[in-house]
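One structure below.
The values are calculated or read from the model by the stated rules, or taken from the named source; none is laboratory data. Quantities reported herein were computed from a predicted structural model and do not represent experimental measurements. Positions of Cβ are generated from backbone atoms using ideal geometry, with glycine treated the same way; all protein chains shown enter the neighbour counts.
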Amino acid sequence: MSTGIDVVVETRNLTKVYRDFWGRQKVRALKALDLEIVRGEVFGLLGPNGSGKTTTMKLLLGLLFPTAGEIFVLGRPATDVNKNEKIGYLPEESYLYKFLNAEETLDFYGRLFNMTGAVRRQRIAQLISMVGLESAKKRQLREYSKGMARRIGLAQALINDPELILLDEPTSGLDPIGTRNMKDLILDLKKQGKTVIMSSHLLADVQDVCDRIGILYQGELKELGRVDDLLKISSETEIRASNLSDDAKNKINKIIEADGAKLVYTGHPTTSLEDLFLRIIEESEARPGRRVRGTGTEQNITAKS
C-alpha cells in the first residue's frame, strides 16, 4: 500500500474479463486499472454506458472477482467481506421492499448490521431527516416517486455510518430539484469526512460535486486528475478587470494600472467537462490504446492594482 497519504481505495493492474460458457473471452470490461482514492474526497468515475464503471464498483465491493490485478479497500483486500461493514452502497436500481415504509426499511437494514434498538431508532430518525422524508416516513415505498426512492436508497446505504460510500448513478432519473438535493447530500457527506465514489455519465453532476475524476472508455482509464486542472486551458490566458474605459479595453495590460482599474483575475480559462469528455472519446477512437494524461497545476492570480 502507498504511504504518506491515507489511501482508502487502491487498485493495481485491475483487469476483468467476462467469458462465455466455453471459457472464451467475451468482453474485456476493465483493462489494467491503476487507481488511488484518498480519504475525504469525492471521486467521480465517468464514462459512457459499458465503459466499466459498474464493474469497477462491484469489484471494489467483492461482488465480482478480478481476472488479474489487486484491489485494496480500507486497507484490506476486496475479497475480505469484513470491510463491507464500513461501506455503504447505492446501486443504480435500489431493490428495496416496496410494502415497507421508510422507517421499517431502515430498521430492517439496521438489524442486518446488528445495531441495538436504541441505536437503530436514533440513526433512522437522523437519516430520514437528512434525506428530507419526514412527511413520508410512514408511507409504503411503492407510493414513492423516483426521487423519494433514491433518497431512501441513500439513507439505506448510510445506515451503518460507513467510511466509504459507493454511489452508482445517484442522480439517474431525477428531476432538476431531486438532482440538486442529491448533490447537496453528497457534499454534506464530504463535509462529514466521508469518502465518496460516484459513477455517472451525467457530466454536469460530476463537475459540481467531485474533487477528482477518472474517465473510463472501453474499460481503459483515459484521463485522471482534479476537475479544475483537467478543465483548465493552459495555452490561453484570461484577464478580468472592472471599471475599464473603452480606450483601456483596447490597450489591455499596459493601460489597466494607468486607468486606475482593478486587476481582478488573471489565470487560465476552462473548458466544460462535456467538451473534455467528448474530446477524450474522439481521441480514443482515433488512436486506440491506453492513455492517462498527467496534469500540472496552473497558478491563478487574484490581485488588485
Which ones in the stretch 44-90 are of a type in the set (S, T, N, Q) and within 18 Å of the chain's Cα centre (by Cα)?
Asn49, Ser51, Thr54, Thr55, Thr56
Do we find a residue being closer than 30 Å to Arg28 by Cα, touching a Lys or Arg at 6+ places or on another chain (Cβ under 8 Å) and charged (D, E, K, R) anywhere in the stretch 102-117?
no
Across the stretch 1-56, the tally of residues that are small (Gly, Ala, Ser) and within 23 Å of Leu273 (Cα to Cα) stands at 6
Would a scan of the stretch 171-189 turn up a residue that is of a type in the set (Val, Ile, Thr) and touching a Lys or Arg at 6+ places or on another chain (Cβ under 8 Å)?
yes
Going by the conditions given, is Leu100 closer than 23 Å to Leu185 by Cα, in the same structural domain as Gly153 (by TED's automatic domain parsing) and of a type outside the set (S, T, N, Q)?
no
State yes or no: is Glu85 of a type in the set (Asp, Glu), farther than 27 Å from Leu203 by Cα and loosely packed, with under 15 Cβ neighbours inside 10 Å?
yes
Answer yes if at least one residue in the stretch 157-164 is touching a strand residue (DSSP E or B) at 6+ places or on another chain (Cβ under 8 Å), among the polar types (S, T, N, Q) and surrounded by fewer than 20 Cβ atoms within 10 Å (Cβ to Cβ), and no otherwise.
yes
What's the number of the only condition in (1) touching a Lys or Arg at 6+ places or on another chain (Cβ under 8 Å); (2) touching a residue at least 12 places away in the same chain (Cβ under 8 Å); (3) basic (Lys, Arg) that Lys53 fails to meet?
(1)
If you go through the stretch 228-241 one residue at a time, do you hit one that is in the same structural domain as Ala204 (by TED's automatic domain parsing), closer than 21 Å to Gly52 by Cα and surrounded by fewer than 18 Cβ atoms within 10 Å (Cβ to Cβ)?
no
Could you list, in sequence order, the residues of the stretch 115-129 that are of a type outside the set (A, V, I, L, M, F, W, C) and either outside the structural domain of Met182 (by TED's automatic domain parsing) or part of a helix (DSSP H, G or I) (or both)?
Gly117, Arg120, Arg121, Gln122, Arg123, Gln126, Ser129
Hey, could you check the stretch 104-129 for residues that are within 19 Å of Asn84 (Cα to Cα), crowded, with 19+ Cβ neighbours inside 10 Å and of a type in the set (A, V, I, L, M) and say which is modelled with the lowest pLDDT?
Met115
Suppose we keep only residues that are under 23 Å from the mean Cα position of the chain (by Cα) and part of a helix (DSSP H, G or I) within the stretch 130-149. Which one would you say is surrounded by the fewest Cβ atoms within 10 Å (Cβ to Cβ)?
Lys146
Yes/no for Leu231 being of a type outside the set (S, T, N, Q) and modelled with pLDDT of 90 or more:
no
Being farther than 26 Å from Glu10 by Cβ and among the aliphatic types (A, V, I, L, M) is true for just one of Met182, Met198. Which residue is that?
Met182
Show the residue pairs that are 6+ apart or on different chains and have beta-carbon atoms under 9 Å apart, the first residue being within the stretch 128-146 and in contact (Cβ under 8 Å) with a residue 40 or more places away in the chain, the second being exposed (fewer than 15 other Cβ atoms within 10 Å of the Cβ).
Met130/Asp188; Gln140/Lys98; Gln140/Phe99; Leu141/Tyr97; Leu141/Lys98; Leu141/Phe99; Arg142/Lys98; Arg142/Phe99
Selected residue [in the same structural domain as Ser200 (by TED's automatic domain parsing) and either modelled with pLDDT under 75 or within 30 Å of Gly44 (Cβ to Cβ) (or both)] from Leu244, Leu278:
Leu278
In contact (Cβ under 8 Å) with a residue 24 or more places away in the chain, touching a helix residue (DSSP H, G or I) at 6+ places or on another chain (Cβ under 6 Å) and surrounded by 15 or more Cβ atoms within 10 Å (Cβ to Cβ): which single residue out of Leu90, Leu60 fits that description?
Leu90
